[in-house]
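Below is one structure, written out as structure tokens; comments come after it.
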Amino acid sequence: MKITILDPAMCCSTGVCGTEVDDALVQTAANVKWLKALGHDVHRHGIANDAAAFQQYPEAIARLQKEGTDSLPYILVEDKMVMTKSYPTKAQWEQLLSLRPETSSSMKEFAIVPAINEVGGKCCGDSGCC
């Protein structure tokens with residue numbers, strides 16, 4: 001399954017840098033690793049260092065033009081926006097992807113579910129690195 005994370009401007013590609021790291025970004029880095037281990041095609045693109053990638057997602061461009069960068073991050077599954085303004089927790093990823101326990105561990109099957117309620121947050125804590 002193709003998963004795309006469109007990140008706000010951060011001090012590095014994952015935001016896990018600086019002296020005051022946002023716990024949500026640490027968890028997101030771990031979740032990306034977990035999703036890849038499940039066999040998903042996961043890509044992260046930051047608006048500051050990979051803005052051209054955003055052009056592949058017209059819905060993201062439209063939202064950026066309407067709401068600005070405060071609406072980031074955008075979480076897309078199979079090129080459909082499923083969440084904005086925050087990173088999913090592991091439980092939310094499981095809900096978003098509807099992990100089916102009856103499938104074998106080597107071949108997971110997933111289904112997209114409706115977007116999760118939007119919640120705001122800072123990208124790098126109070127360090128000011130963003």
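Using a simple spin-label model with pseudo-atoms 7 Å out from Cα toward Cβ, Ala30 and Thr89 lie 1.2 nm apart. Cα convex hull, the range 2-97: 90 Å³ per residue, rounded to a whole number. A crude spin-label estimate for the pair Asp50 and Gln65, with each label 7 Å from Cα along the Cβ direction, gives 2.4 nm. Distance check, please: which entries in Lys36/Lys66; Lys66/Lys90; Lys33/Lys80 exceed 27 angstrom between their Cα atoms? Table pairs above 27 Å Cα-Cα are Lys36/Lys66; Lys66/Lys90. Take every DSSP beta bridge whose two residues both sit in the range 2-97; close to 55 percent of them are antiparallel.
The numbers here are math on the coordinates, done by the rules we state, and not lab data. As the structure is a computational prediction, the values presented were derived from the model and not from experiment. Note: ideal-geometry Cβ built from the backbone for every residue, glycine included; neighbour counts use all protein chains shown.
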